[in-house]
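The values are calculated or read from the model by the stated rules, or taken from the named source; none is laboratory data. Since the model is a prediction, treat every value here as computed from it, not as a measurement. Note that we place each Cβ from the backbone using ideal geometry, even for glycine, and neighbour counts take in every protein chain shown.
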Amino acid sequence: MDLIISNEPDTVDAVRNLGYFASSDHDILSFDINISVTESSARRRVLDYAKGDYISMRNELQTVDWNSILESLPVVECWKTFREIIDSVKTKYIPTKSVSGSKTKKPVWMTYKAPKSVKRKYRVYSKYNSRDHSACVAAAKKAKTDIKNAKRNFEYKLAQNIKKD
């Protein structure tokens, strides 16, 4: 008996049995999943510090009489006032830009080592232009190993933390 488990029975449609799976006693099941996906704007506004007008910002902050503003306030109020002044100057002199919501385009399982190995593989290939060259073979083997290890480690950590999550 092969199962399709779902917490919403209406999401699974058109279940088809495609026969046995190779030498296994399990069947291959094909089914349709009915879900609705809403596209959200993953873009957000952030400050573009590279294009900030720091000279004007510095000049404006030098004109502020900090002693008279912060002198009689308690520490918490001093911090709030200081922060408000800095934020208002920051908004005035640092423009914003629109960025996408995702910072990385790599899978969650991928470590820092795996994409470096893949990039190195491409660099070595572009240098020798031959898949048969020993350096290309070694770089491809290393990239494949690093990717496999990254997946295996991710799955292992996932299995270890299954009760905690």
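Things worth noting here:
- Residue that is nearest to the chain's Cα centre (by Cα) [pool: residues in region 36-65 that are modelled with pLDDT of 75 or more and in a loop (DSSP other than H, G, I, E, B)]: D48
- Close pairs (9 angstrom Cβ cut-off, 6 or more residues apart or separate chains): surrounded by 10 or more Cβ atoms within 10 Å (Cβ to Cβ) in region 153-165, among the β-branched types (V, I, T) and in a loop (DSSP other than H, G, I, E, B) anywhere: N153/T111; F154/V108; F154/T111
- With respect to the conditions (1) surrounded by 13 or more Cβ atoms within 10 Å (Cβ to Cβ); (2) part of a helix (DSSP H, G or I); (3) β-branched (V, I, T), T111 falls short on a single one, namely (2).
- Checking each residue in region 42-82 for being more than 24 Å from S98 (Cα to Cα) and either of a type in the set (D, E, K, R) or in contact with an Asp or Glu (Cβ under 8 Å, 6 or more places away or on another chain) (or both) picks out R58, E60, D65, E71, E77, K80.
- Unique match (being surrounded by 14 or more Cβ atoms within 10 Å (Cβ to Cβ) and part of a helix (DSSP H, G or I)) among V76, V118: V118
- Any hit, region 140-149, residues being of a type outside the set (K, R) and part of a strand (DSSP E or B): no
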